[in-house]
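See below for the structure under consideration.
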Amino acid sequence: MLYDDLRRALTGRERLEALRHTGLGAAADEAFDRFAEIVRRALHVPVALVSLVSDDRQVFPGACGLGHPWQEERQTPLSHSFCQHVVATREPLVVVDARADDRLRDSLAIADLGVVGYAGMPLTDADGQVLGSLCAIDHEPRHWTEAELSLLADLAAACSDALRARITWFGAELVTARTRLLLHASAALADADSVDKVVDAVRELVTGTLDPAYVGVSLVEEGEQVALASKRLLPPAQAERWARYPAGTRTPSALAARTGRPVLLPDLAAVAATAPDALSTFEELGWQSAASVPLRGPTGAAGALTFVWRQPNVLDPGEQAILTALSGFVVQALTRANVLADRRAAAAVLQKALLSPLPRHPKLRMAARYAPAHREDHVGGDWYDALTLEGDRLVLVMGDVTGHSVTAAAAMSQYRSMLRTLVIDRHEPPSAVLRRLEHTRRAVGLENLATVLLAYLEPDDAGGYQLTWANAGHPAPVLLLPDGEVVPLGEHDPLIGAVRRISRRNQTQHLPPGAVVLLHTDGLVESRTATIDEGLARVHRLLSDHATDDVELLADRLLRDAGAAERDDDVALLLIATPRHPVA
């Protein structure tokens, strides 16, 4: 594009006035930072921007991943702007390698900002003027897929809606409750981790402003069905009627979802004309007007957000803008809630599979417990294991993979499987097994570090048992003697993966009849309200006070005493009790 044409496109009076009315500049804005973060994560790019272009610079009210000082300054001159070409052409700009693009090869953004692969979608006001772009940036050449560009375009549409809402409100003499609603919407919906909580958050947000009698969220399902996610807010008869129905039904929600456009019904006459299939429900519940806005997902219509009033209601442009902007936040919240639900389900299955039942032993009594930290995934990298080998030998394992979530659990699964194989493969001291575990970890490319305690327990000549173990960075075993004395056992070597070619030690301890050994992860003694030493002292007191308890009861006491509300980490524990009488 010629320089004069580019200048004319950037300096249009109406476009610059619309930019001013957004109230946005070279400062971070929470809502638009959120759009940038979603783009960065969804497209797996290092940098994402919400960029607005004036006649002499571009500003980034939304930015994620920029280097210093650009992330702090939130602006560049036009010499660094790819976005100006989106504004000038009013079209998306998709670039595989800017260094080979005649339009961009001389841009300072390549050297200073590392912009090589670029995909920018126009951000428009209500009149279709392009104010800037929502862009994804890669530091390497990038062949953008059709799915990536479609997702970016959908996110740009939602971002444009938020800009239009800002423009609508700009210059208002009073800071109204409507403004506070949108400012609070992002934070309120960010904490909603289920569909019910999304609905409740929206209801709370609009109380005192739009004051609807009912807020509905409907979701489009495969098979051309609409499912009412908010049916618990309706009387039983209506909830059952609209729990699930064909997408072709003429209701406000189905129409908005199907057409992708807002459906505004200011009175019952409009309901009868436009959404006649819902008229009887309106009459039964005393509703007289409604507004339904589409929820646009990454792949198309995801559903609709619907508001209903008990009186005729004509929405002004500002209220319509609020509903449109709010629908964008709802889509993000619902997507997040669905991801969390899938992760919880996967995590529960994974954790159940990884924590196998303890083996039966003819003389030793065992009890194990696991509890996740108070987190979304409800799964982590802590694990316990026990195996019986020939000669009544018992193998005990307690481990903790660094990190949390399903990723840590997957790494834990690999560690657990490798260690089981190595233990069964040959009979050798625990220290040798841990050295082989470290070698195997490197060979298979497992990056997560881990603490591991591996122990063998077998009868000794003194009528009790001998515990032989090696400790790779794990909390020490705890011995509870029959008289209630509590003894921490030994020291630990570095954790698995921390140091190469480390010399590891074997440690031994005689266990008399009636003794109990506790193996545990650090979640048992760490909390937000106490030091580790205080946590250890607490566990030792509990063991001493309940020395005569059966191991099952003692395990329950330990887990309960750990306090789920105060924990930031998972807890795994394993108790082994020797027979109360000498082994013959």
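Given the structure, is Leu457 in a strand (DSSP E or B) and closer than 22 Å to Arg580 by Cβ?
Working: in a strand (DSSP E or B): yes; closer than 22 Å to Arg580 by Cβ: yes.
Criteria met by Leu457.
Which strands (runs of 3 or more DSSP E) sit wholly inside segment 71-136 and have at least 1 residues that are closer than 18 Å to Ala9 by Cβ and touching a Gly at 6+ places or on another chain (Cβ under 7 Å)? Lay out the reasoning, then the answer.
Details: elements: 75-77, 93-95, 117-124.
Ranges flagged: 93-95, 117-124.
Condition first: touching a residue at least 60 places away in the same chain (Cβ under 8 Å), part of a loop (DSSP other than H, G, I, E, B) and not charged (D, E, K, R). Can you find one or more residues in segment 445-453 that meet it?
Yes, segment 445-453 has at least one match.
Select from segment 49-70 the residues that are touching a Gly at 6+ places or on another chain (Cβ under 8 Å) and either surrounded by fewer than 20 Cβ atoms within 10 Å (Cβ to Cβ) or not assigned by TED's automatic domain parsing to the domain that holds Leu16 (or both) and list them in ascending order. Don't jump to the end; show me each part of the working.
Within segment 49-70, the subset touching a Gly at 6+ places or on another chain (Cβ under 8 Å) is 49-53, 58-59, 61, 67.
Gly67, the sole residue that qualifies.
Which numbered condition trips up His143, out of (1) under 24 Å from Asp29 (Cα atoms); (2) in a loop (DSSP other than H, G, I, E, B); (3) at pLDDT 95 or above?
Evaluating His143 over (1) under 24 Å from Asp29 (Cα atoms); (2) in a loop (DSSP other than H, G, I, E, B); (3) at pLDDT 95 or above leaves (1) as the failure.
Which of the residues that make up segment 424-438 are modelled with pLDDT of 90 or more and either part of a helix (DSSP H, G or I) or in contact with a His (Cβ under 6 Å, 6 or more places away or on another chain) (or both)?
Within segment 424-438, the subset modelled with pLDDT of 90 or more is 428-438.
Within segment 424-438, Pro430, Ser431, Ala432, Val433, Leu434, Arg435, Arg436, Leu437, Glu438 qualify.
Scan segment 2-48 for residues that are part of a loop (DSSP other than H, G, I, E, B), surrounded by 12 or more Cβ atoms within 10 Å (Cβ to Cβ) and over 38 Å from the mean Cα position of the chain (by Cα) and jot them down.
We begin by selecting, within segment 2-48, every residue part of a loop (DSSP other than H, G, I, E, B); these are 2, 11-12, 23-29, 44-46.
Checking the rest, the ones that are also surrounded by 12 or more Cβ atoms within 10 Å (Cβ to Cβ) come to 11-12, 23-26, 28-29, 45-46.
Result: Thr11, Gly12.
Quick check: anything in segment 70-88 over 32 Å from the mean Cα position of the chain (by Cα) and farther than 18 Å from Arg57 by Cβ?
No.
For segment 486-584, which fully contained strands (runs of 3 or more DSSP E) count at least 1 residues that are under 34 Å from the mean Cα position of the chain (by Cα) and assigned by TED's automatic domain parsing to the domain that holds Asp400? Steps first, answer last, please.
Working: elements: 486-488, 507-511, 516-520, 571-577.
By residue number, 516-520, 571-577.
Among the residues in segment 272-283, are any within 31 Å of the chain's Cα centre (by Cα), farther than 21 Å from Lys231 by Cα and not in a loop (DSSP other than H, G, I, E, B)? It would help to see each step written out before you state the result.
Step one: of segment 272-283, the residues within 31 Å of the chain's Cα centre (by Cα) are none.
No.
Just to be sure I understand, how many residues within segment 189-213 are at pLDDT 70 or above and surrounded by 15 or more Cβ atoms within 10 Å (Cβ to Cβ)? Full working, then the answer.
To start, the set of residues in segment 189-213 that are at pLDDT 70 or above comprises 189, 194-207, 209-213.
Remaining after also requiring surrounded by 15 or more Cβ atoms within 10 Å (Cβ to Cβ): 189, 194-203, 205-206, 209-210, 212-213.
The qualifying residues number 17.
Between Glu485, Glu458, which is closer than 22 Å to Arg420 by Cα and surrounded by fewer than 17 Cβ atoms within 10 Å (Cβ to Cβ)?
Details: Glu485 fails: closer than 22 Å to Arg420 by Cα.
From the options Glu485, Glu458, the qualifying one is Glu458.
The values are calculated or read from the model by the stated rules, or taken from the named source; none is laboratory data. None of these values were measured; they are calculated from a predicted model. Positions of Cβ are generated from backbone atoms using ideal geometry, with glycine treated the same way; all protein chains shown enter the neighbour counts.
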